[in-house]
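Input: a single structure, listed below in structure tokens.
The values are calculated or read from the model by the stated rules, or taken from the named source; none is laboratory data. These numbers come from a predicted model, not from an experiment. Note that each Cβ is placed from the backbone with ideal geometry, even for glycine, and that neighbours are counted across all protein chains shown. Note: accessible area is taken over every heavy atom of the protein model, side chains too, but ligands, DNA and RNA are not part of it. Shrake-Rupley method; radii C 1.70, N 1.55, O 1.52, S 1.80 Å.
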Amino acid sequence: VYQEGRDDDPEDEDSKRLPVINEGEALKREALNVSQHFTEPPPRFSDASLVKRMEELGIGRPSTYASIIQVLKDRGYVKLEKKRLHGEDKGRVVVAFLENYFARYVEFDFTADLEEKLDLISNNEISWKQVLTDFWKDFIGAVNEIKDVRVTEVLDVLDAMLGEHIYEPRADGGDPRQCPSCGTGKLNLKAGKFGAFVGCSNYPECRYTRPLAASSGSSDRPLGKDPVSGLEVAVKAGRFGPYIQLGEPKDYGEDEKPKRAGIPKNMSPADVELELALKLLSLPRDIGPHPEDGEIITAGIGRFGPFVRHGKTYASLEAGDEVYTVGLNRAVTLIAEKIAKGPSRRFGADPGKEVGDYPARGGKIMLKKGRYGAYVTIDGINATIPDSIEPEKLTIEEAIALIEERAAKTGGKPKRAAKKAAKKKPAKADAANGAANSEAPAKKPAAKKKAAAKKATPKKEAAEPVSLTEAAKAKASKVAAAKVTKVAEKKSAGKARG
């Protein structure tokens with residue numbers, strides 16, 4: 001509507017953007033365009049962009065960039081998601097602590113200046129002792145200033161600095177530090193055995209806790225009340241991951257614990273709502289009695305996914321089966337199929353399936369499933385079944401042919417068996433020789449002479465060690481003779497005095 005620099009030119013009527021408009025004139029809408037734009041924050045660092053930024057700031061050297069980034073990952077300061085580095089709570093707490101109490105040592109110019117000094121030291125332009133002295137003088141002074149500060153004071157400082165990250169604004173405009181569990185306590189930063197977390201000031205009466213990031217999917221959050229018991233259902237963050245809890249310890253007896261249910265690994269804690277939480281808390285559930293023995297079949301979720309259990313037999317649910325609604329007939333079928341398959345490979349080697357007897361090799365040919373496919377085995381000989389033959393339809397004649405073909409390639413026995421046999425043969429030969437020697441004792445002296453000759457051979461070859469030994473013996477004999485002479489002289493001198 002308004003163009004700067006053209007409003008002072010009344011003669012240029014054609015350049016006006018608005019047509020002539022009269023009062024009361026109806027306007028016709030020709031088009032309506034709606035557009036929206038959101039400003040985006042700068043992209044997070046990747047490994048390459050972080051190295052580029054450190055180069056610009058003069059931090060590190062090409063040989064140290066990889067180790068710097070690896071340390072950040074190993075210590076849990078950052079995590080890598082979609083090739084981007086995201087700051088973790090531990091890293092935020094460490095940075096906040098250093099910026100408050102050791103600000104000088106986390107500034108960019110300090111690191112860059114220290115790198116320059118190290119270069120000068122390597123060029124022998126300055127003394128490394130002086131650099132260490134200057135560094136230690138300031139550093140020990142900073143340490144002495146805060147070594148007597150109590151942990152609670154440090155937590156209060158960090159809590160104030162990380163407030164925007166820890167406490168998100170509430171939708172109702174209330175105090176973001178108000179405890180959502182008891183309603184009267186205040187949330188503040190606390191330090192525990194497994195790191196920093198947010199807890200209620202009314203502890204131990206109120207045991208509400210959550211991780212630092214309020215937006216974390218695993219943070220403690222109430223879901224609602226159980227319509228049956230009236231207890232509060234909440235998602236909580238535990239030592240071994242997020243879980244669902246019904247009520248609080250105060251709602252149970254002295255020897256009772258709140259009912260809990262784990263959240264499946266393929267499910268995000270942020271997606272858990274009250275209805276799903278109640279279903280998880282209902283597990284394990286009783287499906288019904290087994291038609292054969294009357295024992296109750298149950299359904300639940302374990303470390304390997306949803307399952308049905310009958311006694312000590314566990315059968316995993318297949319695609320399309322729902323652990324909350326699976327019926328008795330389907331559960332019995334899954335358990336029967338599991339028993340027919342035999343024990344899982346996870347609990348031991350595949351016992352295999354018998355194909356038939358093979359007397360020529362003194363045993364039975366077994367069909368097994370290996371790492372590279374199905375194979376038949378007998379007496380240590382393993383023969384792979386070709387793709388043209390279905391393992392379940394393999395006949396004893398085909399199995400024998402595969403075994404013999406494999407035996408012809410390997411010489412009839414596997415290499416390990418050949419080694420064992422080779423070791424055992426000398427033992428048998430020794431036993432036979434021993435028996436023969438017992439019958440013919442006249443041959444023993446000849447054997448001893450041969451052994452003595454073999455032992456004497458190395459001594460002849462090692463001429464130099466023998467000569468050294470003889471020289472040592474000669475020296476020792478001279479020393480002994482000198483001692484005897486001295487003792488005799490003393491005795492004779494004593495007799496002369498007497």
- Item | Approximate spin-label separation Glu153-Leu231, in nm, with each point projected 7 Å along Cα-to-Cβ | 4.3 nm
- Task: Describe numerically, in nm with one decimal, the distance between label points set 7 Å from Cα along Cα→Cβ at Phe38 and at Ala112.
- Result: 3.5 nm
- So what are the ³J(HN,Hα) numbers for region 248-261, from phi and the Karplus equation (6.51, -1.76, 1.60; θ = phi - 60°), rounded to whole Hz, Gly and Pro as x? 10, x, 5, 7, 10, x, 5, 9, 9, 10, x, 6, 10, 9
- Item | Sites Asp138 and Asp172, calculated FRET efficiency, Cβ-Cβ separation with R0 60 Å, nearest 0.05 | 0.80
- Amide H partners (placed H, <5 Å) of Lys225, local residues excluded: Val233
- Message: Could you report the accessible area of Leu158 in Å², rounded to 10, computed with a 1.4 Å probe on the protein chains as they sit in the structure?
- Response: 10 Å²
- Using modelled backbone amide H atoms (1.01 Å from N, in-plane), which distant-in-sequence or interchain residues come within less than 5 Å of Ser282's amide H? none
- What is the extension gain from His165 to Phe97, computed as 0.36 nm multiplied by their sequence separation minus the C-alpha to C-alpha distance, in nm to one decimal? 23.0 nm
- Largest first, what is the accessible-area ranking of Arg285, Arg207 with a 1.4 Å probe? Arg207, Arg285
- Message: Distance between the C-alpha centers of region 59-91 and region 242-321? Whole Å please.
- Response: 39 Å
- Item | Separation in nanometres of the label points that stand 7 Å from Cα toward Cβ, at Glu392 and Tyr324 | 3.5 nm
- Message: Between Lys369 and Arg75, what's the calculated FRET efficiency when r is the beta-carbon distance and R0 is 51 Å? Round to 0.05.
- Response: 0.75
- Query: Given the pairs Lys368/Lys409; Lys186/Lys279; Lys259/Lys341; Lys73/Lys279; Lys369/Lys393; Lys52/Lys137, which span a C-alpha to C-alpha distance of over 26 angstrom in this model?
  - Reply: Lys186/Lys279; Lys259/Lys341; Lys73/Lys279; Lys52/Lys137
- Message: Explain nothing, just compute: Karplus ³J(HN,Hα) = 6.51 cos²θ - 1.76 cosθ + 1.60, θ = phi - 60°, for every residue of region 402-409 in order, whole Hz, x for Gly and Pro.
- Response: 5, 5, 5, 5, 5, 5, 5, 6
- Got a sec to turn the phi values of region 69-83 into Karplus ³J(HN,Hα) couplings, 6.51 cos²θ - 1.76 cosθ + 1.60 with θ = phi - 60°, whole Hz, x for Gly and Pro? 5, 5, 5, 4, 6, 5, 7, x, 6, 9, 10, 9, 10, 6, 6
- Task: Name the residues whose placed amide hydrogens come within less than 5 Å of the amide hydrogen of His290, ignoring near sequence neighbours (fewer than 5 apart) on the same chain.
- Result: Glu295, Ile296, Ile297
